[in-house]
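The values are calculated or read from the model by the stated rules, or taken from the named source; none is laboratory data. Keep in mind it's a predicted model, so treat the numbers as computed, not measured. Note: ideal-geometry Cβ built from the backbone for every residue, glycine included; neighbour counts use all protein chains shown. SASA here: full protein model, heavy atoms, side chains in, ligands and nucleic acids out. Shrake-Rupley method; radii C 1.70, N 1.55, O 1.52, S 1.80 Å.
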Amino acid sequence: MDQTPLMKQYLQIKKNYPGSTLLFRVGDFYEMFYEDAVSASKILNIALTSRDKSKENGIPLCGIPYHALNSYLSKLIKAGHQVALCEQMEDPRFVKGIVKREVVRVISPGTLVESELLEGPGNNYFASISIHPKVSAFAYIDISTGDFSCATLDGDFAISDLCSELDSLVPRELLVPEGTFSDPRLKSIELNPKWKIHLLPRESFASDNNIFALQKHFRNSDFSRFQREDQKAALSAAGALFTYLMAMVKTPLSHVTELKWIRPEHYMVMDFSTHRSLELTQNSYNGKREHSLLSVLDKTETSMGGRKLRKWIYRPLIQPEEIVKREDAVEFFFTGFETSQRLRGNLKTIHDLERMISRISLNSCNGRDLIALKNSLAPLSSIPQHFKTPLPSLLETLLEKWDNLDDVFHWIDASIVEDPPLSIKDGALIKRGYSSELDDLKSLGFNLKSTLANLETEEREKTGIDSLKIRYNQVAGYYIEVSKGKTGRVPDHYQRKQTLTHAERYTIPKLLELESRITESEKRIKDLEGSLFEKIRALVSAESPRILAMADRIATLDILSTFAEVARDRGYVRPVISADNGLKILEGRHPVIENILPVGQFVPNDLILDAHTHMMIITGPNMAGKSTTMRQAALIVIMAQMGSFVPAKECTFGIVDKLFTRIGAADYLTQGQSTFMVEMMEAAHILNSATSRSLIILDEIGRGTSTFDGISIAWAIAEFILKHLGTRTLFATHYLELTGLSLAWESAKNFNIQVKEQNDEIIFLRKIAAGIADRSYGIQVARLAGIPGEVTQRAKEILKDLEDKTLSREAIPNRLRFANDRGTTVSEVAAFPSQEENRQREMIEILKKTDHFNMTPLEAINLIHRLKLMLDEKREGSS
């Protein structure tokens, strides 16, 4: 089929972007063809037409207006499409033949920078991973803020830790070397629907090439110092990611000014299970941030502060001196109410500096972005004036490096009009007085418009047509319009241009000449404004490191003052760090649940772990508050090591290096893992990773299997922690047998959540006390949950039989008779086999499977010995 020059150009460009939907700029529209058009028309709910309707097999076509790009782009991105944006690189009015076109950017979920396309103020990460024999490496970047970091993880649980890191980052897209998912341990990454995976050839992660790419960008950085194998692995992941994004964005990422090396050993370690069960940034029932720790603490005034707070929640500190620096700053704001309020008043007026400078650096900005940046810089000079010495060391450091960015403010203030148009191509962007050349061109253009007005007056007088008007539109250009009733007066030298129902349109040589001069003048004005804007943009972009550094300082001030604000509002206290491994919380409260309940309704609790009590074994019925008590302890520790004040009357703690929780589990059926398997895997991770400085939260370990197995496993796990780890542990259980651990281990103490029983009903007191719960109250809890009375009454009868051990073939009590589905009474009930019966059956099975004709004498002796031991167990049980 013969192709037009336009379609040949389209096909040539499309060939280079086979996996993307190509938005091809044609005049005022972005057009899509072939399969792109068919697919996009359904997603965007727009008409699908044909490029050549006269032909039977015309090329499918759909299009969107260029000025409405973002609204349509958002729908394509949400539908999982990657979009290649192809622009006209020349003005069609001044080009003969085909206009030059190029893809200026490839847009995907992980490369968005437009505020209206990004999902909220949080980070929008694109990540990469690289698995090596000894380490797992990862890197991540948010090109909307310039945040770029990498790290390595080692040890037996490196891959598990990698999964936890990705869970906290929640990248939109993920680069992975081909063949990586042959490792079954990475199944959770491969199947996670939160991110889109791109498989790249392994050579894309070659460390030498990627280190060279990073060196080229970070000109003053010497990456040759990263010689260790783990460092090279991280740099290979970072370099592969950076190279990939450069090819997509097609613009130097000048706002990415630093590659941060994250050292996991500097932060408290928390795994995926801990993130999920403690609901740090999202709740467990709908995945939203409401009713999470983040929702309680995030009263930040800036977007930068909100993003940084999320990082602090996932990475509490473990260096006491750094925690104390934050606490001192929070106390400064806590006691200095007026200073705090004045600062927060200034912070409210500061827009998202990180995202603004990113758009400016990526040449995706307009005049309004520069004005928003200018307005955000205005309050910077007044902020240091709020602080009076002496200052805490952290605040002193922040203010010593304070940069008002006055020069950047004045560059924008002197050049850009206060209310610029949406598009930089619309003109009217640069202030009068900034460029004498531009001012001269605008004066000339104004004079030409005056000449045009004079020409209209002159033609009215010559023709005697008082309604004659000179008008303009984009299609016809300038023209003289005369109503139908007066066309008889039109002179012969008028050239008809267009006929309308009510009027005729004409032109004359003088108007054509004037139109040419006006068009040329407007082009020169727009070209010069565009050139001036680009110089201002480049000037501001070059200051990205300074602007981003200030954004980070502002974010830190925002969080510290927010911690003080929350502490005042919620009655939090400053925690105290101790040198030992103790944990003392007096009248502690759960920060989230307390925030949900009416004021004063949450019941506080004391919790003390010290040299005498390493493990608290907590019993009590469901819904009494065991999990809440343990979770609040974990959250208080996290808040304390973030530098925040905490919900308690008093809190003293030794630094926690690793925090583990084993609270509930969902079946990982897609990965072939049951609840119990997940529970055991998480328990294994804890036992192999915890240290004496860790904190372990265990809730109902062993409940996913039979009672005896569960008790045995739970007992053995608790005993292992007490014997080999000495780790601070909160252990909640319904297995009252586990309270016997306190008899063998002085460091294990029994506690229970108190309830009050009244008329076969229970009242939850929500208070923890020393001692053992007398029973589980399961039937009463079932009644509270709404189980029908017939069911709970029947459960009480069966419980009595089980407790009396009367459920047997020899003695079936009347209450165990039941009605079958035909309404007749069944008096013979299959009893549960007794322990003796089970042992007899096991001995019979052993004998049935024995091939006594082919046994050696030694094997026969061993068999007899085994059976005798089983008989001895029977005698002991019956004695």
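For the range 222-278, give the percent of accessible area contributed by carbon and sulfur heavy atoms, probe 1.4 Å, rounded to a whole number. The value for the range 222-278 is 55 percent carbon and sulfur by accessible area. Taking Cα atoms only, the orientation of helix 320-335 departs from the longest principal axis of the chain by about 70 degrees. For the range 155-222, GluC sites (Glu not before Pro) meeting the loop criterion (DSSP other than H, G, I, E, B) and having at most 15 other Cβ atoms within 10 Å: 178.
Given axes a ≥ b ≥ c from the Cα gyration tensor, I'd like to know whether the range 104-233 is rounded (a/c under 1.5), prolate (a/b larger than b/c) or oblate. Because a/c hits 1.5 or more and a/b fails to exceed b/c, the range 104-233 counts as oblate.
Sparsely packed loop sites in the range 691-731 (the chymotrypsin sites (Phe, Trp or Tyr not before Pro) outside DSSP H, G, I, E and B with at most 10 other Cβ atoms within 10 Å) do not occur. The phi-based Karplus calculation (6.51 cos²θ - 1.76 cosθ + 1.60; θ = phi - 60°) puts the 3J(HN,Hα) values of the range 125-135 at 8, 10, 10, 9, 10, 8, 9, 10, x, 10, 9 Hz, whole numbers, x for Gly and Pro. Taking the accessible area of the range 68-115, probe 1.4 Å, and keeping the other protein chains in place, the carbon and sulfur fraction comes to 52%.
For the range 20-48, list residues with backbone N below 18 Å from a point placed 7 Å from the Cα of residue 87 toward its Cβ? Within reach of a label on residue 87: 22-31. Computed from label points 7 Å out along Cα-Cβ, the spacing between residue 474 and residue 597 is 6.3 nm. In a DSSP loop and with at most 15 other Cβ atoms within 10 Å, the trypsin sites (Lys or Arg not before Pro) in the range 1-34 are 15.
Residues in the range 585-607, backbone N under 20 Å from the label point at residue 573 (7 Å along the Cα-to-beta-carbon vector): list them, ranges by number please. It comes to 585-595, 600-607, nothing else. Taking θ as phi - 60° and the Karplus parameters 6.51, -1.76 and 1.60, the scalar couplings of the range 24-31 work out to 9, 6, 9, x, 8, 10, 9, 10 Hz in sequence order, x denoting glycine and proline. For the range 36-76, the Cα-based Rg and Dmax, in that order, read 11.3, 34 Å.
With helices as the sole contributors, the chain gives -13500 deg cm²/dmol at 222 nm; each DSSP H run of n ≥ 4 counts as -39500 (n - 2.57), and the sum is divided by every residue. Remark on residue 22: its backbone amide H falls under 5 Å from those of 84, a criterion applied only to residues 5 or more positions apart or on other chains, H modelled at 1.01 Å from N.
The equivalent ellipsoid that matches the C-alpha gyration tensor of the range 14-132 spans semi-axes of 28, 18, 15 angstrom, in descending order. Taking Cα atoms only, the orientation of helix 509-541 departs from the longest principal axis of the chain by about 40 degrees. Over the range 259-323, the Kirkwood radius and the radius of gyration, each from Cα atoms, give a ratio Rg/Rh of 0.99. Around the amide H of residue 101, modelled in the peptide plane, lie the amide H atoms of 89, all under 5 Å away and 5 or more residues distant in sequence or on another chain. Rounded, prolate or oblate for the range 251-405? Axes are the square roots of the Cα gyration tensor eigenvalues, ordered a ≥ b ≥ c, and the cut-off for rounded is a/c under 1.5. Verdict is oblate for the range 251-405.
Straight-line cross-link partners of residue 584 among the aspartates and glutamates, defined as a Cα under 12 Å from its Cα and at least 8 positions apart when in the same chain: 606, 610, 650.
Convert 10 °C to kelvin, take the viscosity as 1.306 mPa s, use the Kirkwood radius over C-alpha pairs of the range 1-51 as Rh, and evaluate the Stokes-Einstein diffusion coefficient in µm²/s, rounded to a whole number.
After rounding, the answer is 136 µm²/s.
Quick one: work out the % antiparallel among DSSP beta bridges in the chain, nearest 5. Of those bridges, close to 65 percent are antiparallel.
Computed on the range 430-502, the Cα convex hull volume stands at 124 Å³ per residue. Working from label points 7 Å from Cα in the Cα-to-Cβ sense, the residue 247 to residue 449 distance is 4.9 nm. Using the alpha carbons alone, the radius of gyration of the range 58-127 stands to its Kirkwood radius in an Rg to Rh ratio of 1.05.
If you model the chain as an ellipsoid using its alpha carbon gyration tensor, with each semi-axis the square root of five times an eigenvalue, the axes come out at 70, 35, 28 Å, biggest first. Couplings 3J(HN,Hα) of the range 591-604, computed from phi: x, 7, 5, 4, 6, 7, 6, x, 4, x, 8, 6, 8, x Hz, in residue order, whole Hz [Karplus 6.51 cos²θ - 1.76 cosθ + 1.60, θ = phi - 60°; x for Gly and Pro]. A 1.4 Å probe run over the protein chains yields, for the chain, 49 Å² of accessible area per residue, whole-number rounding. With the simple model of a label 7 Å out from the Cα in the direction of the Cβ, residue 456 to residue 765 spans 9.0 nm. Per the Kirkwood formula applied to alpha carbons, the range 373-443 shows a radius of gyration over Rh ratio, Rg over Rh, of 1.21.
The distance from the alpha carbon centre of the range 692-735 to that of the range 58-137 is 51 Å, rounded to a whole number. The order of the peptides 491-502, 572-583, 101-112 by mean Cβ neighbours within 10 Å, most packed first, is 101-112, 572-583, 491-502. Annotation: for a label point projected 7 angstrom from Cα along Cα→Cβ of residue 45, residues of the range 70-108 with backbone N closer than 14 Å are 72, 75-76. Over the C-alpha trace of the range 229-298, radius of gyration and Dmax come out as 17.4, 42 angstrom. Note on residue 425: lysines with a C-alpha under 22 Å away, same-chain residues under 8 apart excluded, are 96, 100, 250, 374, 442, 449, 523, 526, 535. Calculate how steeply helix 707-720 sits against the longest principal axis of the alpha-carbon atoms of the chain, using the helix alpha-carbon long axis, and give the answer as 0 to 90 degrees to the nearest 10. It is inclined by approximately 80 degrees.
Secondary structure note: in the range 55-212, about 70% of the DSSP beta bridges are antiparallel. For the pair residue 610 and residue 348, the difference between a 0.36 nm per residue extended length and the Cα-Cα distance amounts to 89.9 nm. Listed peptides 678-691, 148-161 appear in the order 148-161, 678-691 once ranked by packing, highest mean of other Cβ atoms within 10 Å at the front.
The value obtained for the range 549-702, namely the Cα convex hull volume divided by the number of residues, is 172 Å³ per residue. In terms of its Cα atoms, the range 396-535 spans 84, 29, 21 Å along the principal axes, sorted from long to short.
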